[in-house]
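**Q** For reference, the structure I am asking about is given below.
Every number here is computed from the coordinates shown, using simple stated rules; none is lab data. All values reported here derive from a predicted model rather than from experimental measurement. Please note: Cβ atoms are built from the backbone with ideal geometry, for glycine as well, and neighbour counts cover all protein chains shown.
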Amino acid sequence: MEKYDHKKIEQKWQKHWQKEKLYQTGEDKTKPKFYILDMFPYPSGAGLHVGHPKGYIATDIFARAKMMQGYNVLHPMGWDAFGLPAENYAIQNKIHPRIATEKNIDTFKKQLGKLGFTYDWNREINTTDPEFYKWTQWTFIKMFERGLAYESNEPVNWCPSCKTVLSNEDLEDGKCERCGSVIERKPMRQWVLKITDYAERMLNDLEKLPDWEESIKEMQKNWIGKSEGAEVNFKIGEEIATVFTTRPDTLFGATFFVMAPEHPLIKKITTAEQKKEVEKYIKAAAGKSDMERTELAKEKTGVFTGSYAINPVNREKIPVYIADYVMMGYGTGAIMAVPAHDERDWEFAKKYNIPIKEVIVPFLKDDPRPDKETEKREVVTAIVKNLKNNRYLCLKWKNIDWKSFPTGGLDGEDLVTAAKREVKEETGYKNLKFIKQVGGSIFAEFYRPHKDSNVYASFKYLLFELENEGREEVAQKEKDQHEVVWVEEEKIESFINVWNQKLAWQRLKQGDSAYCGDGLSVNSDFLNGLETEAAKEKMTAWLENKKLGKRAINYKIKDWVFSRQRYWGEPIPIVHCPKCGNVAVPCDELPLKLPEVKNYEPTGTGESPLANIEKWVNTKCPKCGGSAKRETNTMPQWAGSSWYYLRYIDPYNDKALVDKAKDKYWSPVDFYVGGAEHATRHLIYARFWHKFLFDIGAVNYDEPFTRLQHVGLILAEDGRKMSKRWHNVINPDEIVEKFGADSMRVYEMFMGPFSQPCAWSTNGLIGARRFLEKVFNLQLRITNYELRITNDKLERLLHKTIKRVSEDIEYFKFNTAISALMIMANKLGEQEKISIIHYSLFIILLSPFAPHLAEELWSGIGHKESIFKEKWPEFNPDLVKDETINLVVQINGKVRDMIEVSADISENEAKKIALESEKINKWLESKEVIKIIFVKGKLINIVIK
RNA sequence: GCCCGGGUGGCGAAACUGGUAUACGCACAACACUUAAAAUGUUGCGCCUUAUGGGCAUGCGGGUUCGAUUCCCGCCCCGGGCACCA
């Protein structure tokens, strides 16, 4: 018997599959289609490490199973080949990025080839191919024609090291995502795509994507960052400054006004005395990067402009400050500051001694009963501290689940008197020293069981210290209701279970701060007594009615800065024509090819290297024929990847980006698999781009990806990321050489849940290899003589395995699928003779995971056709159920015995058998059986006393 | 700070809808085969224990339930995302 020679087997079948064109995508439109897609890689110089193919292995398994289930499967691969690393490499080594990229692609393709993937290489695409980027440019022009691509001079993120502008999505912690340099803010002319026009649709349509992971949808929601609120106009002298707020209900609490240092109105409103100060502050703020502005956030700074704004709602004059905690980039770049209800405003007000006006009080409506009377009360709570032992005076109620501080209503007295009286009545203590009031009021409306009525109460909280333990006798009536307890300071938080008192306690411990939650409006004229939602609504309507403001929505997402000052990208297909009035004119011939250039070095002046090629820059205007200059910026790397998946459907079409009929059949992508790091970059851009193509009628569907799954990273054996820096990279070529592609495939899928990060373990890999060897050796025991050996248990296990493996592949639970295959293989291994039918079915189930081995074993039992032309097996529902079960007998929930019985045993029979058990009877001696619970097919639980 | 995930043996991890916790694999140990080692095979493997049994264990504390890894409340720790977003 031969040994399992993975090298021989894998090379043999890879050649064979290629010769047979086994993976060429079928075009038989009568079959259902399945489009399964990997995020295409950037072909870096370093080649693949073992982590990269994890997602590809998964899609390959899925694709093979779908093929066998009768689908036309589209499973393509291509290259996201524009980008900075190739260009930087070119600068250092004087090699054209195209040459370097081609070489890298070659390496990648070889590495992928060794893993035996089903990619249809006839459909390979490459974003740097002019026949491909022609359509990237075409889409850009369509956007330009519709006003969605525009030039802007706003300050943008400039990376001083990469010498290019970056979009917000390219930043990490205010640093360049690629090189880690701190970003500068520079105003520069840029091409920008108006992605904000699609913000609302991208947000709403997330609901159309039930098969996207929640976490990724959540990230997109946060990134789009929708806030609803109002814009309010404040008069500052003759000028009008508009603010955006999500809390129009707090307008009466605005006690100052803040503008971002970049706000255009500052010059006009600053008074002569304050001019110097203001200019100094603005200059200092401009010198800080966004990064520094947030890093230094601990301490608020600002400067008074000398002017006052008029609060439109009450005509109050409030001072106007400039402070860098307000950002020009969000909302209107100006805010109304409500220190009582916003933490940042609170800090600022504390520092600059600005009044704080409370207009919202916490309010809890706790199921008041509509059929009972409601009593309005002013209530005071006494928090009494015993300095001797650091304990606080509390009440434990007897008939209700209340643990509280002494509390009671005001009886026409002042707060302190009422509180002292209440403490004396309820607890007997009579000598208290008043310390201070804790926080503001809290309101609540709730049902009081002990008085059978509702209260609508305003609570105030007073802190006392116990002077001495002098105490009076407490009335019996009070004693019946509650018990007096002294609780240690650390335990108060968990002891007190009355909502408002808990909040008051927190306020006492943490000191005063802004209350940012919802509540009841107070000190707010026509809003008084309204709850937050209603108050917002009423205020907004009032503002609109008086033309002092309007309903408004704000998004965090910014328009997409779409130009880069680098060489290795798609040229933006625009010429600037002086004769046509210095406007941008789109090129009439596409593709506009990237010209050859001697020097790839960025100029650093904000111009791309293309600007140095006069012959290319100087051109004719496509509109008027006069001399004009080409746009020299190029597109970002995200451009091509925003739509590449469409091109696989129709890769050779020179008339359209994609043929609409073909798009109708193949789109949308049924299943998209890739790294979670793309949740807010690529996946936002692609959805935007796709919706645009849908709007202009270029494609049939308005969402590109039906189901989305993210891959968990494979870490190095030491638990760190694989990186050249740590010298812990494992090359798949070596693994394939030593252990085989099939072992690597099985191991990577068996490591753990697919979306979870997991550290590589060579021992684990050896385990996978051992499993395949075991499978390989099974062929020794196949019997050809009896087609089916009667073995009911094995038959049932096989059908369970079919069910398990089929379902697990569908849900990407490969680790448990493989575990099921291992159990099956172990059981087959125990047989002296293995039925060829059982064996064949098992090999088919294994084939998506270990395709080379499966194909070899398949041909080994005499098949001429590929195993991947077999039909995927179906399980028999009758056979996945067990005939007998181990009936678990519990006593008070603890397992005490197990009895093998028929699976459909009735309750009465089960009881009888259980009660006859010797083990059980030992437990039942002199005990009373209270009840017996029976769960069909599972267990019986005897409850005793 | 806010929003998502997650915490189960020595390790990677299983567990359907609240019903036998620790499947499968790794590591480890003993035994068999061998001159020997490797490979392979067999067996054992959560912790404690006074041991034909019993007790305790799914981050910690409480609750609901006949029964909780699973549901509810509070806390701790780890990972990810966002972050002066008004």
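**Q** Want the number for A:K502 to A:K430: 0.36 nm per residue separation, take away the alpha-carbon distance, what's left?
**A** Values: separation 72, 0.36 × 72 = 25.92 nm, distance 2.45 nm.
That works out to 23.5 nm of additional length.
**Q** Tally the DSSP beta bridges in chain A and give the antiparallel ones as a percent, rounded to 5.
**A** On the way: 95 of 137 bridges.
Counting DSSP beta bridges with both partners in chain A, the antiparallel share is about 70 percent.
**Q** So, one more: If the reach is capped at under 24 angstrom between alpha carbons, list the lysines near A:K3, excluding any in the same chain fewer than eight residues apart.
**A** A:K12, A:K15, A:K114, A:K738, A:K774, A:K827, A:K833, A:K864
**Q** If packing is taken as the mean number of other Cβ atoms within 10 Å per residue, what is the order of A:725-734, A:320-329, highest first?
**A** Working: A:725-734: 14.1, A:320-329: 21.6.
Listed from highest to lowest mean packing, they are A:320-329, A:725-734.
**Q** Here's something else I'd like to know. So, by mean Cβ neighbours within 10 angstrom, what's the order for A:557-569, A:476-488, A:621-633, A:850-862 with the highest one leading? List each step's numbers first, then the result.
**A** Details: A:557-569: 24.8, A:476-488: 13.6, A:621-633: 17.8, A:850-862: 21.3.
Highest mean packing first, the order is A:557-569, A:850-862, A:621-633, A:476-488.
**Q** Please report, for the Cα atoms of segment A:570-666, the Rg to one decimal and the Dmax as a whole number; what are they, in angstrom?
**A** 16.4, 48
**Q** First obtain the Kirkwood hydrodynamic radius of segment A:635-744 from its Cα pairs, then insert it into the Stokes-Einstein equation at 37 °C and 0.692 mPa s, and state the resulting D in µm² per second as a whole number.
**A** Working: Rh = 16.7 Å.
Diffusion coefficient, whole number: 197 µm²/s.
**Q** Then there's this: Do the alpha carbons of any pairs in A:K365/A:K385; A:K109/A:K869; A:K372/A:K477; A:K813/A:K869; A:K267/A:K547; A:K300/A:K385 sit beyond 31 Å of each other, and which pairs? Mind showing how you got there, number by number?
**A** Working: A:K365/A:K385 29 Å; A:K109/A:K869 25 Å; A:K372/A:K477 24 Å; A:K813/A:K869 24 Å; A:K267/A:K547 26 Å; A:K300/A:K385 36 Å.
Beyond 31 Å: A:K300/A:K385.
**Q** How high is the relative contact order of chain A, given as a whole-number percent (alpha carbon pairs under 8 Å, six or more residues apart)?
**A** On the way: 1756 pairs, mean separation 129.8, N = 945.
Result for chain A is 14 percent.
**Q** What FRET efficiency do you get for A:Q476 and A:S755 if R0 is 60 Å and r is their Cβ-Cβ distance, rounded to the nearest 0.05? Please report the intermediate quantities before stating the final value.
**A** On the way: r = 64 Å, r/R0 = 1.07.
About 0.40, to the nearest 0.05.
**Q** Let me ask something else about it. What are the extents of the Cα atoms of segment A:533-600 along their three principal axes, in Å, largest first?
**A** That works out to 65, 30, 20 Å along the principal axes.
**Q** Segment A:1-144: D in µm²/s via Stokes-Einstein (Kirkwood Rh, Cα pairs, 10 °C, 1.306 mPa s)?
**A** Values: Rh = 17.4 Å.
Estimated via Stokes-Einstein, D reaches 91 µm²/s.
**Q** Can you give the Rg/Rh ratio of segment A:419-501, where Rg is from the C-alpha atoms and Rh is the Kirkwood radius? Working shown, then result.
**A** Working: Rg = 14.3 Å, Rh = 14.8 Å.
Reported Rg/Rh (Cα atoms, Kirkwood Rh): 0.96.
**Q** Find, to one decimal place in angstroms, the Kirkwood hydrodynamic radius of segment A:81-168, where the mean of 1/r is taken over every pair of different Cα atoms and then inverted. If you can, show how the numbers build up before the last one.
**A** On the way: mean 1/r = 0.0613 Å⁻¹.
It is 16.3 Å.
**Q** How charged is the neighbourhood of A:G302? Take every other residue with its Cβ under 9 Å from the Cβ of A:G302, and add Lys/Arg as +1 and Asp/Glu as -1.
**A** Values: positive: A:K300, A:K351; negative: A:D324.
Local charge sum for A:G302: +1.
**Q** Using amide H atoms built 1.01 Å from N in the peptide plane, name the residues 5+ places from A:Q890, or on other chains, whose amide H lies under 5 Å from its own.
**A** The list, which skips near neighbours in sequence, is A:R896, A:I940, A:N941, A:I942.
**Q** Short version: ³J(HN,Hα) in whole Hz for each residue of segment A:320-336, in order, from phi by Karplus 6.51 cos²θ - 1.76 cosθ + 1.60 (θ = phi - 60°), x for Gly and Pro, what are they?
**A** 9, 10, 10, 8, 7, 7, 9, 9, 5, x, 10, x, 9, x, 9, 9, 8
**Q** Which cross-chain or sequence-distant (5 or more) residues have an amide H under 5 Å from the amide H of A:W79, H modelled 1.01 Å from N in plane?
**A** Correct list: A:I125, A:N126, A:T127.
**Q** Please state the relative contact order of segment A:293-435 as a whole percent: Cα pairs under 8 Å, 6+ residues apart? Mind dumping the intermediate values first?
**A** Working: 144 pairs, mean separation 17.5, N = 143.
Reported relative contact order: 12 percent.
**Q** Oh, and also: Just to be sure I understand: of the beta bridges DSSP finds with both ends in segment A:859-944, what percent are antiparallel, rounded to 5? Each step should come with its number before you reach the end.
**A** Details: 14 of 18 bridges.
Rounded to the nearest five, the antiparallel share is 80 percent.
**Q** Continuing with the same structure: Per q in 0.04, 0.05, 0.06, 0.10 Å⁻¹, report the Debye log10 I(q)/I(0) for chain A, using one uniform scatterer on each alpha carbon and no solvent.
**A** -0.31, -0.48, -0.68, -1.20
**Q** Mind jotting down the distance between the C-alpha centroids of segment A:586-662 and segment A:435-483, whole Å?
**A** Each part's Cα centre sits 76 Å from the other's.
**Q** By a straight-distance test (C-alpha under 18 Å), which aspartates and glutamates pair with A:K936 as possible cross-link partners, with residues fewer than eight away in the same chain excluded?
**A** In chain and number order, the partners are A:D878, A:D882, A:E883, A:D897, A:E900, A:D904, A:E907, A:E909.
**Q** A further question on this structure: How about A:K208: which lysines have a C-alpha closer than 17 Å to its C-alpha, ignoring those fewer than 8 places off in the same chain?
**A** Of all the lysines, those that pass the test against A:K208 - Cα under 17 Å, at least 8 places apart if same chain - are A:K217, A:K221, A:K691.
**Q** Can I ask one more? What does the charge count near A:E378 come to, summing +1 for each Lys or Arg and -1 for each Asp or Glu among other residues with Cβ under 13 Å from its Cβ? Walk me through the intermediate numbers first.
**A** Values: positive: A:K376, A:R377, A:K460; negative: A:E375, A:D411, A:E413, A:D414, A:E422.
With Lys, Arg at +1 and Asp, Glu at -1, the net is -2.
**Q** Another question, then. Which distance in Å, rounded to a whole number, links the C-alpha centroids of segment A:136-203 and segment A:717-763?
**A** Centre-to-centre (Cα) distance: 36 Å.
**Q** Across every pair of different alpha-carbon atoms, what Kirkwood hydrodynamic radius in Å does segment A:816-945 reach? Intermediate values should be presented prior to the final figure.
**A** Details: mean 1/r = 0.0546 Å⁻¹.
Evaluated over segment A:816-945, this radius sits at 18.3 Å.
**Q** Output the direction-averaged projected area (hull surface divided by four) of the convex hull of the alpha-carbon atoms of segment A:308-432, in nm².
**A** On the way: hull surface 56.9 nm².
Projected area, direction-averaged: 14.2 nm².
**Q** Which ³J(HN,Hα) values, rounded to whole Hz and listed in residue order, are derived for segment A:829-837 from phi using the Karplus coefficients 6.51, -1.76 and 1.60 in 6.51 cos²θ - 1.76 cosθ + 1.60 with θ = phi - 60°, glycine and proline given as x?
**A** Each residue of segment A:829-837 in turn: x, 6, 7, 6, 10, 10, 5, 5, 6 Hz.
**Q** Ok, one more. Beyond 26 Å, what percent of the Cα pairs of segment A:442-593 remain? The partial results should precede the final answer.
**A** Numbers: 7280 of 11476 pairs.
Tail of the P(r) past 26 Å holds 63 percent of the pairs.
**Q** What are the ³J(HN,Hα) couplings of segment A:239-248, residue after residue, when phi is run through the Karplus curve with 6.51, -1.76, 1.60 and θ = phi - 60°? Round to Hz, x for glycine and proline.
**A** Karplus-based 3J(HN,Hα) across segment A:239-248 equals 8, 10, 10, 9, 10, 10, 9, 8, 10, x Hz.
**Q** In nanometres, what is the gap between the two model label sites at A:E493 and A:K881, each 7 Å from Cα along Cα-to-Cβ?
**A** 5.3 nm
**Q** Still on this model: Take each of the peptides A:245-252, A:90-97, average the number of other beta-carbon atoms within 10 Å over its residues, and list them starting from the highest. Intermediate results must be reported in sequence, preceding the final value.
**A** Working: A:245-252: 24.5, A:90-97: 15.1.
My ranking of the peptides, most packed first, is A:245-252, A:90-97.
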